[in-house]
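Written below as structure tokens is the structure these notes are about.
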Amino acid sequence: MRHLCLLLTAVLLGGCGDDTATTAPLRSPEGLHAHSELFEREVVEVTEGVHVAVGFGLANSIMIEGEDGLIIIDTLESVEGAETVLQAFRAISDKPVAAIIYTHNHTDHVFGAAAFAEGRDIPVYAHDSTAYYINRVINVVQPIITTRSMRMFGNHLEEDGLVNAGIGKALLLTPDHTLNALPPTHTFADRMNVSIAGVELELVHAPGETNDQIMVWYPAKRVVFSGDNIYETFPNLYTIRGTPHRDVLQWANSLDQMRALHAEHLVPSHTRPVSGADTITALLTDYRDAIRFVHDQTVRYMNHGLTPNDIIQRVTLPPHLAGHPWLQEYYGTVAWSVRSIFDGYLGWFDGNPAHLQPLPPAQKAAAMADLAGGAQALLERAVAAQENGEAQWALELTDYLLVVLPDDPRVTDLRAAALRTLGEAESNPNARHYYLTMAEELRDGLVPGFRMKTPPAFLASLPIENYMHTMPILLKAEETLDVEAHIGFRFTDTGKAFTLAIRRGVASVSEGETDDATATLVTQEQVWKEVAAGERNFLLTVAGSDMAVEGSRAGLLRFLSYFETR
């Protein structure tokens, strides 16, 4: 376990354990090690003028060489990772980077962009919703997405736990890495034809793994760059780190669009490229059919009134797809996909009336303990399950034991043992990492997440509106049920102004200033962005010369104390 004591803003969120007890090396399924061969670091020449860097990060980065410049498709997860790729590309061509294309918004595709720009202003092409989804991660769900992503990708595990990340060797992010995406400058809704450095490309909206996903078609070379809509593993139709719902019908339709191109070369943004028109057509067909099969059979059984737990027992891929090397469950799984498809159509309620108003966890745990003959008897049942090789049942029983015996170390030890057993047997890296990381957290009190470095230039590129409209989700509503007040924000460098109001447990943001504000905070946009991003201490800043307060300083501080910091 990498013992990381990490800061989120200026507040230490947790400590690192001093447990020095040794454990046996972790085991892992043999197939998982074989899958790692896909991610050996290499720059692959797909065809003349097209190269793909594999194994430098979680995703690939692709270089198209034009007459007088380079086009980069996807930029890895950090500036440091992108610099390594750029150095490898420079061994092939010293032409300047003329443009960057994002296939979609995910971290491993956008946050290394500044390295390829090398300090210059260059065009960045993306779908017109990509900036929205980048902001969604940065300013709306960043804390929980970071925590769950670090678990899913195994970032806190040692090498025997992290064999590979399913679609890449690893998500290479630590507190020493820098995030610096460049904002898209050229966007489109459906399709866009572009000419860059003498290269004619067609950018096509192809929703699938993300709503903003695009594919890039290079007709002169008959190369299709597919983004994350296909990679050498069963598709992640649902990801356990959590994302917006993935419309799998649109995903299958996007694969049909690719099939219609009859490409000679297929370059995914994960795993390795494929050449040969017949091979690519067959591959896209099987991949598309696997998605449609899971969708169609899930809906079929859903319409028979079956619940997700029932459906996952019935929906398994037919033999010709189940044995396909590109459809092994090293990233997505059929069962997770079934659950997501059901939820996409019908939402969280599975149709079982017992689940409409379930007992509160404490009441249910007490009832389960009573049913077993008491808390100690329930613990004995859970221990026996683990000893009998029933790790999943042992894990589920510890859900109740954590409530009825919250301070008993035998419960946390048992839960960690069950998680470790499940993790060692799991060939899906996402599930493996989640199990093993949660086991380590029980032992070490692992900090949920950490902050990567964000340069001032990156913060400057983001609209101030992104930061202002995030404020309501930080409100500690329980402290403001009788509060009605508002303050103003005035940004002297841009002339923009906002009002932040609290109305009895609800916060709202509106443009412009209003009368009778408790106070108005006067500063520059960059100063507030750095405070909001945790790069500056608010109290030190407001006490200095970079912020002024009109009205009641005490009232402003009291008002802002109702909001959490990040």
Cβ-defined net charge surrounding LYS95, 14 Å radius [Lys, Arg +1; Asp, Glu -1]: -3
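Under 8 Å for C-alpha pairs, at least 6 residues apart: give me the relative contact order for the stretch 399-449, rounded to a whole percent.
31 percent
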Option label - Kirkwood radius over Cα pairs in Å computed here, alternatives [x] 23.9; [y] 29.0; [z] 26.0: [z]
For the chain: relative contact order, % (alpha-carbon pairs under 8 angstrom, 6 or more apart): 15 percent
Accessible surface, the chain, averaged per residue in Å² (probe 1.4 Å): 43 Å²
Environment charge of LEU284, counting only residues whose C-beta is closer than 10 Å and scoring Lys/Arg +1, Asp/Glu -1: -1
Sum of -39500 (n - 2.57) over DSSP H runs of 4+, divided by residues of the chain (222 nm, nearest 500): -10500 deg cm²/dmol
In the chain, lysine pairs closer than 26 Å at Cα, eight or more apart or cross-chain: 5
Scaled radius of gyration (Cα, divided by 2.2 N^0.38 Å) that the stretch 236-332 gives: 1.17
Extended-chain gain in nm, criterion 0.36 nm per residue less alpha-carbon gap, VAL299 and ASN537: 80.5 nm
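Quick one: net charge around THR514, please, counting Lys, Arg +1 and Asp, Glu -1 for every other residue with C-beta under 15 Å from its C-beta.
-3
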Mean projection area, nm², convex hull over Cα of the stretch 177-319: 11.2 nm²
Of all accessible heavy-atom area on the stretch 433-555, the percent that carbon and sulfur account for (1.4 Å): 51 percent
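Given 37 °C and 0.692 mPa s, how large is the Stokes-Einstein diffusion coefficient of the stretch 402-463 in µm²/s, with Rh as the Kirkwood radius over Cα pairs?
Reported coefficient: 233 µm²/s.
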Diffusion constant of the stretch 498-547 at 20 °C, which comes from Stokes-Einstein with the Kirkwood Cα-pair radius and 1.002 mPa s, µm²/s: 174 µm²/s
Beta bridges by DSSP in the chain, antiparallel share as percent, to the nearest 5: 75 percent
Binned Cα-Cα distance frequencies in the stretch 282-403 - 5 Å width, integer %: 2, 10, 15, 13, 13, 14, 13, 10, 6, 3, 1, 0
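The values are calculated or read from the model by the stated rules, or taken from the named source; none is laboratory data. Please read all numbers here as calculations on a predicted model, not as lab measurements. Neighbour counts run over all protein chains shown; Cβ positions are idealised from the backbone, glycine included. Calculation scope for accessible area: heavy atoms of the full protein, side chains included, ligands and nucleic acids excluded. Shrake-Rupley method; radii C 1.70, N 1.55, O 1.52, S 1.80 Å.
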